Amino acid sequence: MSIKFCKKTRRQFLMGTGKSILALPLLPSLLTKEAFAQSMTVPRRLMFFYMDHGNINEIWPNKNLATQAVGSSGARERLLSSIGTNLQVSPVFRNARYASLINSNLLTILRGFDVAANAGPAHGNFQLACGEGRNSEGNYPSIDSIFEASSTLYPAGTTGANVRKALRASLGGTDIFYQKVGSSIQGLPVYRRNDLPTFYNEVFGSLTGGTVPPPDMTNQFKSNILNRVHASFTSFSSNRRISADDRARLTQHMDYISDIQRSFASVVPPAGPSCSRPAAPPDSARSNSLEATRAYLDLMAIAFKCGLTKMAAFGFDAHNPQWIPDLGFLNGQNFHDAVHGSQGNQNQEMALRNWWRYNADLVADRFLAPLDEEEGTTGRTYVDNMVTTMAAAGGIHNLGNDGGHNGRDSQQILIGSMAGRLRAGRLTVMPNSNNRNLPLNCFLLTLLNLMGIPQSEYASATPDGRGFGYYAAFGNSHPFRNRFYQPITEVLT
Amino acid sequence: MKHLKIIFYMSTLTICITLFQNCSPYHAADLPSNAVLDDENSIAIGQSLYENNCAACHGRLETSSILSRNFEQITVAVATVPEMASLRGLSTSQLEAISKAISNELGGGTVVINPEGRAAFLCEATAASKTPLLKLTNREYEKSIDAFLDSFSQSLKSDAQINQLFSQMPTDTIVQDRDTYKEQAKLVTETGTRSHFEIAYRASQLIASSSSQVLSGYPNTNSCLSASNVSNSCFRLFIAELASRGFRRPVTTSEVNDLVSRFWDSTNTKAQRIQMAVLGVLQSPDFLYKAFDRGAQEPNTVNTLNLTAHEFTAKISYLLTGGPPDSQLRGLANNGSILTLAVLDQQIERLLNSAAARPTISRLFRESYGYDYYDGLDFSSSFRAGINTNGLRESMNFELDEYFSNLVLDRDADFNELMTSRLSTVNSQALATIYDTNTGANQNLPVARSGFLNRAAMLTKRSGSRASPIKRGLSVLEHVLCDEVGLPPPSAPTSLPDFGNEVVSTREATFRTSEVQGTSCVTCHSRINNLGYPYENFDSLGRLRTQEAVYNANGAVERYLGIDTAVSTSSLSLNPQNFSDSVALAHGIGQSDVAMMCFVRHLKRFESRGREQSSDSCQMNEVLEVMYNDDPGQRTVKGAIKSLIKSDSFKKWSY
């Protein structure tokens, strides 16, 4: 066998170079989307769907499927797309949109969180994610109030006057969100089924017929006024005979005045999509849970797209939603009791699975669908650029285990990647030691991290100012004590 | 030698350890199980025991989820709740200490028996609790802005834009006490702050664009606003008058100087100067908050002040009408005569007789008894049998709003009448069908509808497809008798089980499920259920029934079961009482000291916008005395409200 040596002539070299030069303008089209994305700042947004009663492991991928080590603390991962179809990942994901999300590596399942406060009911811990009754068990602010108050997330100079910093709605009963005021906490209003018109008016009342109003001097005048009003408050707080608690509330009031003043001070309205006011929800939705759920999901999606908010929370009807067709098999038996095991394992699994699946369908069709379009020139969709959670309360650990939301091994579902900041598309299983899992607090810190919230803005949420959430029950001997105040780095890029 | 040294040091070390092992920090959890705890220390020890053993699940003591638990309930829970197994090592005395610590955290109003043999609040001389600085609620803010605009022209408040802005105010009510909506007067949010600002801004635009005639006629400005521009001296007169109205009191020269220096801007146009002045007042904390701190110090106290006459009128006016003082009240404050008893009495009567008092009375009773809160009104069409539930909620609310307003304000009802009256205003066909009557105002319903607890609003508020004696009983126990049960364990079933082939009544099913002796359920449910069983003669839509229909899967009636409404309960008094049905129970409640005391608590909470404190007991007793009066003409609910306002504590501000 002889080896041929191909010698290029000068002519051939020059011809090849010329062709290459011609191809140069085409190269950008071969660049990844990320290169373009870096040129446009995408707002960070977070949507909480609060799934009461948590999860049972039987309807989610077996954690042993995660075999690839990630990070150095024992966590493991596996691409969800390698597990199988959407239905093979979970019967909850019957909607075709989830197949698309899995194939696009935009759906993530994080597994292995200890949600329980000591051995007691885990409502008390999960409230810190998006609010649920029983805050008396913890007396801590809920995470939505942190986002709402964040000057990082909502910079004073560029946040429009019509922005609502947190939207809270629930069909799920006595959910209560909390903000910290001085040394105490204050319950926050929640929009319920009957409050749809008020929600609509408050969120969309400022939208006009679809054009961005030109800047005028009114905002400057308003800013001027508020600047002077702030001084009135300062004088009042300093000189009047009021208690320390009252002063703390006045300080909070003054902070809001400052924020509003700065929002008026920006001469040019912040750039963003112009939006028409959407149609008002039908009045019948006030007395129909399905219509109300749809309306809230529709309106919240529009609010995100229109830049009217960056954080919203919605709780699905989870006490006894007999209106859900998929629960017809209960024959009128109470849903709440069924998911706590009163009717046996089979009905427990079916009730939770069907409830999750029905609401996941609604999320897919009413919330994700309108957001599944490219956001500006980012090369990514709104869905990709934000994170949507289906966040579970407590967690009913396994079938038959009616620990009363005693979720020691729960999982959280995330959709989107926050514009590439989340290592998405995986089943990621947290390390486990001596049958103890990672406190859910770490997941909450991860969300704070994804939203770019510095620790200084949530330090007051815990007595030691280091973390976010209720840690006392986990004890000094917890195997992951050194990770208490850390986000889950294995899922952050 | 070396060995001896080692032995010496080891021995010394051992001795030291032995000597000092009892000097480690005291841990109450290590308390010997047979310790006898003296009363003086038991609360402190109980607090420590609670923090070490209970707080992890039930939260800090001050906001514990089990503040309503008594010693017996705690004991049973420890013995029976699986998650509390680790606490079974606590002794009886330790559990007693925890119980005392919990009781100590309860809101004010320990109950005693007075010399007349009636239940009363334990009245002891204690330091006054702090009076919180309350913000105007949305309702009060709207009325205050309207009143402010009225001082210029009655037409201004009809402006479409300002009314749209009012409709967009973020809600300031939250659900508290399980199932009542309460206005939050201490809640500050960014959206609320912004909304109030935009409303005030619009108000300033309306005033600034008023006609020259309107502006020149504004009081105490020497018509200077009619000039082509607003001079500094005119601005001063204007803002002084605005402030005296907006702040609900005279303003000092110093205050006017501050306002002028803060809001005067010589570069502004006339309209802008007017707007600045208006907004300077409407966005001042003195407008937005009810601050009553300008009075003289109460003798022998450090942080307690007596309200001035103007502060007193403002407080009365907001309490009774939800709005600022009118011109008559302002005049009486100016001359100080509002502080005389005769004038005060007359003015309270006048305000209670005004149209403005009716929504306030409705608000009081809505927040007390929660009749405007509904889990949902989802019933199958076959069950509804043609009753249209669209608008039914509003109709039921309206009925009870009118019920309480009419009885309290028009008929001078006493508490017993409040609990037993058959008066009703039915404004919808749906409600009329439920009551088997016609629409119409001020009609007398049948005896079975005696009192508000036998009305559709209370009967349906937490109903599902099946009426729940537990939820109905909870409403009575917690809201009418102020006996707070707290939250159930998370895994507590929220529906009745299926008994297979055995078809049992709702009452029987409830009894079997929740009143099993020896379980942790019965201690609460024996109290709850016996206040719900009397309403078994009403279905979940509030319709009267003589039998309980059992439905099959297709929604058709399969069979009928008998109704049993008789109960025995000791929740209304110290001794067990028997009631044959809900009408008898209504009459029992109407006579119950416990129920009257509960109403007094509600009244105090409504006035102070927070939980009553132990230091409020004496004041609450004054109100209670009115309700206990032997003379029916004197023991009216209106009289009780007057008594609260006339009490000494009402005129105090503590900080």
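The values are calculated or read from the model by the stated rules, or taken from the named source; none is laboratory data. These numbers come from a predicted model, not from an experiment. As a convention, Cβ positions derive from the backbone with ideal geometry for all residues, glycine included, and neighbour counts pool all protein chains shown. In case anyone asks, the SASA skips ligands and DNA or RNA and just uses the protein heavy atoms, side chains included. Shrake-Rupley method; radii C 1.70, N 1.55, O 1.52, S 1.80 Å.
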**Histogram of C-alpha separations across the range B:73-194, 5 Å bin width, %** = 2, 7, 10, 10, 10, 10, 10, 10, 9, 7, 6, 4, 3, 2, 0
**Request:** Report ³J(HN,Hα) in whole Hz for each residue of the range B:639-644, in order, from the Karplus equation J = 6.51 cos²θ - 1.76 cosθ + 1.60 where θ = phi - 60°; Gly and Pro get x.
**Result:** x, 5, 4, 4, 4, 4
**Asked** What quantity of accessible surface, computed with a 1.4 Å probe and excluding non-protein components, is buried in total between chains B and A, in Å² to the nearest 100?
**Response** 6400 Å²
**Complete:** Scalar couplings 3J(HN,Hα) for the range B:578-585 by Karplus 6.51 cos²θ - 1.76 cosθ + 1.60 (θ = phi - 60°), nearest whole Hz, x for Gly and Pro, are 9, 10, 7, 6, 6, 5, 4, 4
**Request:** Quick one: grab Rg to one decimal and Dmax as a whole number for the range B:310-349, Cα atoms only, in Å.
**Result:** 8.9, 23
**Prompt:** Round to a whole number: what % of the accessible area of chain B belongs to carbon and sulfur, probe 1.4 Å?
**Reply:** 52 percent
**Fill in**
Per principal axis, largest first, the Cα atoms of the range B:440-510 extend in Å by 46, 32, 16
**Fill in**
Dividing the helical contributions, -39500 (n - 2.57) per DSSP H run of n ≥ 4, by the residues of chain B yields a 222 nm value, nearest 500 deg cm²/dmol, of -14000 deg cm²/dmol
**Message:** Residues of the range B:392-435 losing 50 Å² or more of accessible surface, assembly versus chain alone, probe 1.4 Å, please list them.
**Reply:** B:ARG393
**Prompt:** Size of the range B:180-284 along its principal axes in angstrom, Cα-based, largest extent first?
**Reply:** 52, 28, 25
**Asked** If you count, for each residue, the other Cβ atoms within 10 Å and average over each peptide, how do B:265-276, A:437-448 line up from highest to lowest?
**Response** A:437-448, B:265-276
**Message:** Residue by residue through A:223-235, how many Cβ atoms from other chains fall within 10 Å of the Cβ on average?
**Reply:** 6
**Request:** Would you work out what percent of the accessible area of the range A:286-333, with all protein chains in place, is carbon or sulfur (probe 1.4 Å)?
**Result:** 46 percent
**Message:** Taking just the alpha-carbon atoms of the range B:375-453, what radius of gyration and Dmax come out, in angstrom?
**Reply:** 13.3, 42
**Request:** Starting from the amide H of A:ASP317, placed 1.01 Å from N in the peptide plane, find each other amide H under 5 Å away whose residue is 5 or more places distant or on another chain.
**Result:** A:LEU171
**Prompt:** In peptide B:580-592, what is the residue-averaged number of other protein chain Cβ atoms found within 10 Å of each Cβ?
**Reply:** 0
**Request:** Kindly rank A:349-361, B:331-343 from highest to lowest mean number of other beta carbons found within 10 Å of each residue.
**Result:** A:349-361, B:331-343
**Mean accessible surface per residue for the range A:431-493, computed with a 1.4 Å probe while every protein chain stays in place, in Å²** = 40 Å²
**Item:** Kirkwood Rh and Cα Rg combined as Rg/Rh, chain B
**Value:** 1.06
**Prompt:** Which value, in Å to one decimal place, does the Kirkwood hydrodynamic radius take for the range B:535-589 when every pair of different Cα atoms is included?
**Reply:** 12.8 Å
**Prompt:** For the range B:436-567, what is one quarter of the convex hull surface built on the Cα atoms, given in nm²?
**Reply:** 9.6 nm²
**Asked** With charges only on Cβ, +1 for K and R and -1 for D and E, what is the dipole size of the range B:471-613 about its Cα centre, in debye, rounded to 20?
**Response** 440 debye
**Asked** By average Cβ neighbour count within 10 Å, what is the ranking of B:353-361, A:220-228, B:546-554, A:305-313 from highest down?
**Response** A:305-313, A:220-228, B:353-361, B:546-554
**Prompt:** Under the definition of partner shielding as Cβ atoms of other protein chains within 10 Å of a residue Cβ, what is the mean value for peptide B:375-382?
**Reply:** 3
**Fill in**
Quick calc of log₁₀ I(q)/I(0), the range B:422-464, Debye, one scatterer on every Cα, no solvent, q values 0.21, 0.24, 0.25 1/Å, result -0.64, -0.82, -0.88
**Message:** List the residues, sorted by chain then number, that are 5 or more residues from A:ARG168 or on another chain and whose placed amide H is less than 5 Å from its amide H.
**Reply:** A:TYR191, A:ALA313
**Complete:** With the 1.4 Å probe rolled over protein heavy atoms, chain B has an accessible area per residue in Å² of 42 Å²
**Fill in**
For A:VAL181, other-chain or 5+-apart residues with amide H closer than 5 Å (H placed, Pro excluded) are A:GLN186
**Complete:** Taking only C-alpha positions in the range B:609-655, Rg and Dmax in angstrom work out to 11.6, 39
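From Cα pairs below 8 angstrom and at least 6 apart in sequence, can you work out the relative contact order of chain B, rounded to a whole percent?
15 percent
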**Complete:** In whole Hz, the Karplus estimates of ³J(HN,Hα) for the range B:326-337 (6.51, -1.76, 1.60; θ = phi - 60°; x where Gly or Pro) are 7, 5, 5, 5, 4, x, 5, 6, 4, 9, x, 6
